[in-house]
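The values are calculated or read from the model by the stated rules, or taken from the named source; none is laboratory data. Bear in mind the structure is a predicted one, so any value in this text is a computation, not a measurement. No Cβ is skipped: glycine too gets one built from the backbone with ideal geometry, and neighbour counts run over all protein chains shown. The accessibility values were calculated without ligands, DNA or RNA, using every heavy atom of the protein model including side chains. Shrake-Rupley method; radii C 1.70, N 1.55, O 1.52, S 1.80 Å.
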Amino acid sequence: MDLVLERPLVFFDIESTGTNPYRDRIVEIAVIKVMPDGSRQEVVRRINPTIPIPAGASAVHGIYDADVADAPTFDVIAHNLYNYLDGCDLAGYNIVKFDVPMLQEEFKRCNLELNMRDRKLIDVFNIFCRLYPRNLSAAYKFFCGGDLEDAHSALADTDATVAVLLGQLAKHPELPREMAGLAEFSAARDADFVDSEGRLKFSGDEVVINFGKNSGRRLRDLANEDPGFLRWMLRSDFSDEVKNVIKNALAGSFPSRSK
C-alpha cells in the first residue's frame, strides 16, 4: 500500500433519504477502516431513517422503506460508530459537501459532536477534480488531443465546444445522436426535481424548497404559514417555471408526481 498512515484512515459512504443534512436521514453507511499496518476492517449497516424514503432516492440507491423497516435507528448505533471513528482520519468521495455534514447532523441529534478539527479529511472527489480539471481547455485536450489556443476568446471557445461534442460522440458510441436524447442525457436532472434548476423538489409526495433558509420545508406549509416568502420568490430572479408553481401554490394547487 502506498498510503503512509500514522493512525487509522476510515473510508465511508452514506446512502440517505435525500441531500439535505438538516432534513434528511441516513439509510445505509459503509465503513472501511485501513490500519497503519495495511490491514482493513469492513462494516456495512442499514439504518431505519424514521421517515419515508422518497421514490427518487430509492431509485438511486435501491433501498426502500421495507428494506430498513426492521433495521436499527441511528441513535441505536451512534455511540458505537462514534467510538469506532475516534482517533481516525476520514476519507471518501465527495464527503466534504455531503457525507460529513450528513453524519455530523445525525450525531448532533444524538448529542454527539463529530469533531473535524483534529482529523485529516481526504476527499477523493476533490483530488479527482484537481488531477483532471473539468474546464473547456481540459475537455479539448482530452477529446481532441491538443491544446486550446486563444482560450476565453468567444470564437475559439465556441469552436472548441463544437470539437469537444464531436469528440465525445466519437469516443462514446453509446451517446444519443438525436437532439432529444442528447438533451436529456446532458441535463442529468435529479428525478426529484420539480423544475430544471432544482429550486423545488419532491420529498415523498410533497414538494419542498431546495435552497436557502427554508430548504426542506414543504411548499404546502409555506403557503399556509409563510406566504410572504412565496410572494418574495415571485418578485425575485427565479425562472418562470418556478414562479408558475409558486403562483399555483398560493392559490392552493400543488404539483403531484403523477402529473
L250 vs (1) modelled with pLDDT of 95 or more; (2) under 20 Å from S58 (Cβ atoms): all pass except (2)
Filtering segment 141-153 down to residues that are under 32 Å from the mean Cα position of the chain (by Cα) and at negative phi yields K141, F142, F143, C144, L148, A151
In segment 82-97, anything among the acidic types (D, E) and surrounded by 13 or more Cβ atoms within 10 Å (Cβ to Cβ) is listed as D89
TODO: Inspect segment 135-143 for any residue being part of a loop (DSSP other than H, G, I, E, B) and basic (K, R) and give the result as yes or no.
DONE: no
Output yes when any residue across segment 182-197 is more than 19 Å from the chain's Cα centre (by Cα), over 19 Å from A139 (Cβ atoms), free of Cβ contacts under 8 Å to residues at least 60 places away in the same chain and not in a strand (DSSP E or B), and no when none is. yes
Just one listed residue, out of A156, A151, is in a loop (DSSP other than H, G, I, E, B), open to solvent by less than 50 Å² (accessible area, probe 1.4 Å) and farther than 30 Å from R7 by Cβ, and it is A151
Looking across segment 114-132 at residues that are open to solvent by less than 60 Å² (accessible area, probe 1.4 Å) and assigned to a loop (DSSP other than H, G, I, E, B), the single one that is nearest to Y82 (Cα to Cα) is L114
Residues of segment 45-64 being more than 26 Å from D89 (Cβ to Cβ), within 20 Å of the chain's Cα centre (by Cα) and part of a loop (DSSP other than H, G, I, E, B), in sequence order, are P49, I51, P52, I53, P54, G62, I63, Y64
Test: residue in segment 36-50 that is in contact (Cβ under 8 Å) with a residue 40 or more places away in the chain and among the charged types (D, E, K, R)
no
Discussion item. Condition check: surrounded by fewer than 21 Cβ atoms within 10 Å (Cβ to Cβ), part of a loop (DSSP other than H, G, I, E, B) and of a type in the set (D, E). Does E42 satisfy that?
Written reply: no
Per the filter on segment 1-52, residues among the hydrophobic types (A, V, I, L, M, F, W, C) and within 30 Å of F193 (Cβ to Cβ) are F11, F12, I14, I26, V27, I29, A30, V44, I47, I51
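One line per residue, one yes/no per condition, for (1) open to solvent by 80 Å² or more (accessible area, probe 1.4 Å); (2) free of Cβ contacts under 8 Å to residues at least 24 places away in the same chain; (3) farther than 30 Å from S137 by Cβ; (4) among the small types (G, A, S):
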{"site": "G167", "(1), (2), (3), (4)": "no, no, no, yes"}
{"site": "R177", "(1), (2), (3), (4)": "yes, yes, no, no"}
{"site": "V208", "(1), (2), (3), (4)": "no, no, yes, no"}
{"site": "R220", "(1), (2), (3), (4)": "yes, no, yes, no"}
{"site": "P227", "(1), (2), (3), (4)": "no, yes, yes, no"}
{"site": "S256", "(1), (2), (3), (4)": "no, no, yes, yes"}
Would you mind stating whether A163 is assigned to a helix (DSSP H, G or I), in contact with a Phe, Trp or Tyr (Cβ under 8 Å, 6 or more places away or on another chain), among the hydrophobic types (A, V, I, L, M, F, W, C) and loosely packed, with under 15 Cβ neighbours inside 10 Å? no
Checked against (1) open to solvent by 40 Å² or more (accessible area, probe 1.4 Å); (2) within 20 Å of G204 (Cα to Cα), D24 satisfies every condition except (1)
Within segment 56-81, residues being surrounded by 15 or more Cβ atoms within 10 Å (Cβ to Cβ) and either small (G, A, S) or closer than 23 Å to I122 by Cα (or both) number 6
Flagged in segment 19-66 as touching an Asp or Glu at 6+ places or on another chain (Cβ under 9 Å) and on the phi > 0 side of the Ramachandran plot, in numbering order, are G62
